[in-house]
């Protein structure tokens, strides 16, 4: 249900601050964290010195672009040495570190993330903005269906739920069917999960428990980890299956919970501009992008994180600014369409710029197809071949011969490419709980 009035905002002052005042605050915080990183981190001092940059060079907003960006590889190169295991990236005495997490390692060696207790309070506060904007309140019982591990995923969500007054039910040790039954038993009103697992839970509910997910009466679902909740067809599938409002959120271990969709569901997400500086830059030139509707790479600074600062971090995510502010009244800008994909996933196929998210939109838009699919780009001779593996919904009356022509047509319209389409038995494609890995570019190995 849409929240009206001042109760819509976790921090009404910051979330409705006029843009010029917000910029003043951001620049002040940006200068402070740059000085902190330079003075306390061997990693940042080395990168800045090599680029000929000094904190005192920051005099105006346009000078922000002069600050060198940081890559995930920079963290990796700086870590795994004394003080073990954070090495040159650590900005505080080791005894001040109270929280350990790490990245998943899906793109290389994991990055270790230290946080002080103040940093962890910062995590909870930034996540409180997310939860409040999506309608989470002290009347909610929130089910979190994941085992808490070395990854930061849902640890911060758990603590933030407690901060806003929600009751938290951790369902990590349970299997999928047990989790669904526990949601039913406890009448949980809210759920946090990846889009993949939200759909997988609904499938298990129908096929293994002989009931519909919408009968569980979950009212709101917070998604993270994948762009699915910002893909209209995927969002619709989740909302139809559960009879609940689905909201997106974007965060990262190195950055924090930096962006969220509000209850207005404006077709985009708000960066939390009180806590983060979010820049869009041209993917090739690196030049700043301020105008709307122009895709760019997202560069992020976390203003208040001390132990291992995140200053002009190259997220490799792609988005664009929206033309108009959100009707919710927040002065935080909007990233139109949320995250469109990653730079390292957007590639040229047969000379055409290709984003796997486009395929998700097509597949999830056809009710005859199941939720799962796989996308493989390979090479046959000198020709790129895109193989799309899909499943037919077991309850559909359509045949493969019925679906294949329309699927091929929609893919051609959306991506301007042809596909080798394979139909597989329902349930045979991989199912995932956390981040799905549906896209594989095998050309580098062919």
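The values are calculated or read from the model by the stated rules, or taken from the named source; none is laboratory data. Keep in mind the model is a prediction, meaning the values are calculated, not measured. All Cβ positions, even for glycine, are placed from backbone atoms using ideal geometry, and neighbour counts span all protein chains on display.
Checking each residue in region 274-283 for being at pLDDT 95 or above and either under 20 Å from residue 353 (Cα atoms) or not in a strand (DSSP E or B) (or both) picks out 274, 275, 280, 281.
Table: residues versus (1) in a loop (DSSP other than H, G, I, E, B); (2) under 30 Å from residue 399 (Cβ atoms); (3) touching a strand residue (DSSP E or B) at 6+ places or on another chain (Cβ under 8 Å).
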site	(1), (2), (3)
265	yes, no, yes
285	yes, no, no
291	yes, no, yes
294	yes, no, yes
301	no, no, yes
332	yes, no, yes
345	yes, no, yes
348	no, no, yes
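Among the residues making up region 391-415, those that are surrounded by 13 or more Cβ atoms within 10 Å (Cβ to Cβ) and within 15 Å of residue 358 (Cβ to Cβ) are 407, 408, 410, 411, 412, 414, 415. Scanning region 423-441 for residues that are farther than 30 Å from residue 152 by Cα and either under 25 Å from the mean Cα position of the chain (by Cα) or surrounded by 15 or more Cβ atoms within 10 Å (Cβ to Cβ) (or both) turns up 423, 424, 426. Among helices (runs of 4 or more DSSP H) entirely within region 140-226, having at least 2 residues that are without any contact (Cβ under 8 Å) to a residue 40 or more places away in the chain, farther than 15 Å from residue 127 by Cα and not assigned by TED's automatic domain parsing to the domain that holds residue 110 singles out 176-186, 195-208. When region 83-106 is limited to residues that are in contact with a helix residue (DSSP H, G or I) (Cβ under 7 Å, 6 or more places away or on another chain) and surrounded by fewer than 16 Cβ atoms within 10 Å (Cβ to Cβ), the one that is modelled with the highest pLDDT turns out to be 98. Right, residue 353: on the phi < 0 side of the Ramachandran plot, assigned to a strand (DSSP E or B) and buried (at least 16 other Cβ atoms within 10 Å of the Cβ) or not? Answer is no for this residue.
Of everything in region 56-73, what is closer than 30 Å to residue 20 by Cα and either touching a residue at least 60 places away in the same chain (Cβ under 8 Å) or buried (at least 17 other Cβ atoms within 10 Å of the Cβ) (or both)? Give them in sequence order. So that I can check it myself, show each step before the final result.
The initial filter retains those residues of region 56-73 that are closer than 30 Å to residue 20 by Cα, namely 56-71.
Across region 56-73, the qualifying residues are 58, 64, 65, 67, 68, 69, 70, 71.
Checked against the criterion of being touching a helix residue (DSSP H, G or I) at 6+ places or on another chain (Cβ under 6 Å), surrounded by fewer than 17 Cβ atoms within 10 Å (Cβ to Cβ) and touching a residue at least 40 places away in the same chain (Cβ under 8 Å), region 9-27 contains not a single residue that satisfies it.
Just one of the listed residues (261, 279, 273) is in the same structural domain as residue 28 (by TED's automatic domain parsing) and surrounded by fewer than 23 Cβ atoms within 10 Å (Cβ to Cβ), and it is 279.
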